[in-house]
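S.K.: Structure provided below as structure tokens; questions to follow.
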Amino acid sequence: MEESDSEKKTEKENLGPGVQPPLGEPEGSLGWTMPNASMKKKVRCVRNMKKKVLLMGKSGSGKTSMRSIIFANYIARDTRRLGTTIDVEHSHVRFLGNLVLNLWDCGGQDTFMENYFTSQRDNIFRNVEVLIYVFDVESRELEKDMHYYQSCLEAILQNSPEAKIFCLVHKMDLVQEDQRDLIFKEREEDLRRLSRPLECSCFRTSIWDETLYKAWSSIVYQLIPNVQQLEMNLRNFAEIIEADEVLLFERATFLVISHYQCKEQRDAHRFEKISNIIKQFKLSCSKLAASFQSMEVRNSNFAAFIDIFTSNTYVMVVMSDPSIRPPAQGWYCPIELCPPTSISNQEKAPSACPLANLVEAFSKPSNIN
């Protein structure tokens, strides 16, 4: 199976440090209705929209590792070879076609941190959309960590008061499992108190499990324009095809952009588990010089289909009827604002894959009778 040109292009755009987004990228959309003139105008207005994202925290806290896993297709064990970040490392990541994440990965050595709050203060903290502060849960300098965090908040309040704040309590895999909830709750309470009058969202994370995808999905969700319209369209789509559940993933990162479910499910963490499972399978495909395109999983309780939906997204459709078959043409949505990829329908035949974890994520019974 040959890798498509569009797949190569997407991977190139997300390689990480120093990669600039390509010029002349065709406009994209997440709508499912045929575009009218006003819709086209809105899309042109948000074309190449840039969002500045600060990634901060002490040296060795895991900032660059998590960025490389999410945006540069690293696997966890390969992050050990990443070097220390010197000063500020800039990268541009194209997300959903028109949205460009301008990532500022800020080195966490004391000298650099002091410069961020003095000589570089305006440059670093101006026009920030999101501040992500990473805390090493096993840090022995917690007081210093909190001091730097408060200094960041003061600079944000002065230069970018509307910025969203996210705190990631990282390396939670190093904490004994029976202590994780307690330790995270204590850190979360401390961080919320220190963040006032600003609000912060806290997540426990580890590069070794799906928690990283939960945190970053929540972060990018805050950066997507018109997300309420997107959710309404996704609901309409699910109701039309009578799906139990529909998930929309960003194509390169497999972060969950939006979802709709007609009933509650028992496993509240299934979305990030699926992101992690499929991302790992996608990387395995690339090692075989093939590109992941589609997947079909079913058992006696459900049928699930994952396929390219638009030029920038994958869709996962879950049906409670296991006898359901996917559309002959696949789930691709060939509308004007999402130019078709170079993958033909013949090349997009569903591929079977024995992923027991993926089956388990959707085969647990619902809480609702």
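Each reported figure results from applying straightforward, stated rules to the coordinates on display, with no laboratory input. For clarity, every value in this text was computed on a predicted model and none was experimentally measured. Because the Cβ atoms are built from the backbone with ideal geometry, glycine has one as well, and the counts that use them run over all protein chains shown.
S.K.: Using 0.36 nm per residue, how much length does the chain from R140 to L198 gain when fully extended, once their Cα-Cα distance is taken away?
M.R.: Result for the pair: 18.3 nm of gain on full extension.
S.K.: Can you work out the Karplus-derived ³J(HN,Hα) for every residue in segment 164-169? Use 6.51 cos²θ - 1.76 cosθ + 1.60 with θ = phi - 60°, whole Hz, and x for glycine or proline.
M.R.: 8, 10, 10, 10, 10, 7
S.K.: What is the sum of charges, Lys and Arg at +1 and Asp and Glu at -1, for the other residues whose Cβ falls under 15 Å from the Cβ of D178?
M.R.: Details: positive: R180, K185, R204; negative: D173, E177, D181, E186.
Within the 15 Å Cβ shell, the charges total -1.
S.K.: Another question, then. If I model a spin label at Q229 and Q120 as a point 7 Å from the Cα along the Cα→Cβ vector, what separation in nanometres do I get?
M.R.: Computed distance between label sites Q229 and Q120 equals 3.7 nm.
S.K.: What net charge do the residues around S65 carry, taking every other residue with its C-beta under 12 Å from that of S65, with Lys and Arg at +1 and Asp and Glu at -1?
M.R.: +3
S.K.: Quick one: net charge around T85, please, counting Lys, Arg +1 and Asp, Glu -1 for every other residue with C-beta under 9 Å from its C-beta. Could you put the intermediate results ahead of the total?
M.R.: Working: positive: K63; negative: D87, E89, D105.
Net of charged neighbours comes to -2.
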